[in-house]
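The values are calculated or read from the model by the stated rules, or taken from the named source; none is laboratory data. None of these values were measured; they are calculated from a predicted model. In this analysis, Cβ positions are derived from the backbone assuming ideal geometry, glycine residues included, and neighbour counts consider all displayed protein chains.
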Amino acid sequence: MSTAGGRPRTVLFVHSSAGRYGADRQLLAMACGLDAARFRAVVVLAEDGPLARDLETAGIEVVVRPGLSVLRRALFTPGGLARVVRRYVVDRRELGAFALSRGVSLVHANTSVTVGAYAAAAGAGVPLVVSVREIYTDFARWWPLYRRFLLRAAALLCSSEPVRAQFGGNPRARVVHEGVTGVAHRADRGAARLALGLPEDAFVVAVLGRLSSWKGQEILVRALAEPALPAATADEPGAGRPLALIAGDAWPGEERFERGLRELARSLGVADRVRFAGFRDDVENVYGGADVVVVPSTRPDPLPNSALESAAAGCCVVAAAHGGLPEIFRDGVTGRLVPPGDAAALARVLAELRSDPSQRERLGDAAATDVADRFSVTRLLDRVQTVYDELACR
């Protein structure tokens, strides 16, 4: 729906980062995919980075605002929350004025920790939409208070049913699944392994995403040390040596987690079977070079983009059976599900898949068809713009 004068309505997206990880790519897909006859995007980012360049290349106005009020995990303390509140006051005045200067019709917070979006909407007196991609299991003390704050938004777009369930059936919270973005194909296996420096005959298990305790990279490292998944020996012809490919880097300031993973691999005697690739733009090579992709999240993962995109690319995926992952995969049909945090169970499933290439191929093919249909960017955009239209008509 356009304005009375026939001009598209302006949506101000406010986002807490500027990389090329899952939430960043979802923002890029939404901002660039809006129906130009109905909506136009303006974006405020908390930092400069690749996402800013991608948006600007697409012709979208980007404003980088260091110090934007964002509720990081480390700030869930009385002192930290006080700092966020002080910044909120500044953002309400300054971002509210910016929104008014751009004729913004509504504000869209791309994550539920982007408090500055609430400030901008309040300052401009316009509706707020929030994409909720978080499950707040670790913050029981603060969650009732923060839930009340989040419900000040006109609409909460929850990435999965477990995310929506946090809001106790409030009608403002609805499930809007993410869309599959990025390169949804697998590069040639030989070329991909050459690009990644991987042995041609290895059994490669990849995990993609930020290095953090809750993404579960350490579960994969521990699985390599389980008896069910030993290194290939001379009496296992063609089995391939199991290798873990860890693609991703840590948040700035959290580099100690990578050091901890390396030390864990050394202590378990599997350091020579763990490869750290860092962040990779060429995810098609990670998909193509991997025999299996794992998503071993230790805490409920709302709806990880790494799972969606690797499945859409036709990879065989093994995922932890909690959070939004069971909404993506049906065990034994479009992927495999294992108990969260259970390295031994993960090792047993990987050993089964290692010896059964036909199962890997069958699961990957089924996932590609199913996920590409149910989690398309087209569906995401239709649902998001329907919400925008509902709010614009108020």
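What is the residue count in segment 297-321 for residues that are farther than 21 Å from residue 188 by Cβ and of a type in the set (A, V, I, L, M)? The qualifying residues number 7. Condition (residue is in contact with a Phe, Trp or Tyr (Cβ under 8 Å, 6 or more places away or on another chain), surrounded by fewer than 17 Cβ atoms within 10 Å (Cβ to Cβ), in contact (Cβ under 8 Å) with a residue 24 or more places away in the chain and charged (D, E, K, R)) applied to segment 266-282: is it met by at least one residue? No, that holds for no residue. Which residue, of 100, 12, 106, 68, is part of a helix (DSSP H, G or I) and either out of contact with any Lys or Arg (no Cβ under 9 Å at 6 or more places or on another chain) or buried (at least 19 other Cβ atoms within 10 Å of the Cβ) (or both)? Among 100, 12, 106, 68, only 100 is part of a helix (DSSP H, G or I) and either out of contact with any Lys or Arg (no Cβ under 9 Å at 6 or more places or on another chain) or buried (at least 19 other Cβ atoms within 10 Å of the Cβ) (or both).
Identify, please: which residue in segment 15-58 is touching a helix residue (DSSP H, G or I) at 6+ places or on another chain (Cβ under 9 Å) and among the polar types (S, T, N, Q) and is, among those, surrounded by the fewest Cβ atoms within 10 Å (Cβ to Cβ)? Residue satisfying both the conditions and the ranking: 17. Go through the residues of segment 318-331 one by one and say whether even a single one is at pLDDT 95 or above, surrounded by fewer than 21 Cβ atoms within 10 Å (Cβ to Cβ), at negative phi and among the small types (Gly, Ala, Ser). Yes. With a requirement of 3 or more residues that are closer than 25 Å to residue 221 by Cα, the helices (runs of 4 or more DSSP H) lying completely within segment 279-394 that satisfy it span 283-289, 305-312, 325-328, 343-354, 357-374.
Being in contact (Cβ under 8 Å) with a residue 24 or more places away in the chain, among the basic types (Lys, Arg) and crowded, with 19+ Cβ neighbours inside 10 Å is a description that does not apply to residue 379. Candidates 86, 92, 72: the one that is closer than 30 Å to residue 140 by Cα, in contact with a helix residue (DSSP H, G or I) (Cβ under 7 Å, 6 or more places away or on another chain) and of a type in the set (D, E, K, R) is 92.
Quick one: which residue in 236, 263 is at pLDDT below 95, among the acidic types (Asp, Glu) and out of contact with any strand residue (DSSP E or B) (no Cβ under 6 Å at 6 or more places or on another chain)?
Numbers: 263 fails: at pLDDT below 95.
Just a single option satisfies the conditions, and that option is 236.
Within the option set 344, 319, being of a type in the set (A, V, I, L, M), in contact with a Gly (Cβ under 8 Å, 6 or more places away or on another chain) and touching a residue at least 24 places away in the same chain (Cβ under 8 Å) holds for one residue only, 319.
Only a single item in (1) more than 27 Å from the chain's Cα centre (by Cα); (2) modelled with pLDDT under 95; (3) among the basic types (Lys, Arg) is not met by residue 92, and it is number (2). Scan segment 334-353 residue by residue and report those that are crowded, with 21+ Cβ neighbours inside 10 Å and of a type in the set (D, E, K, R). Residue satisfying the conditions is 336 alone. Under the condition of being at pLDDT below 95 and crowded, with 21+ Cβ neighbours inside 10 Å, the residues counted in segment 218-232 number 1.
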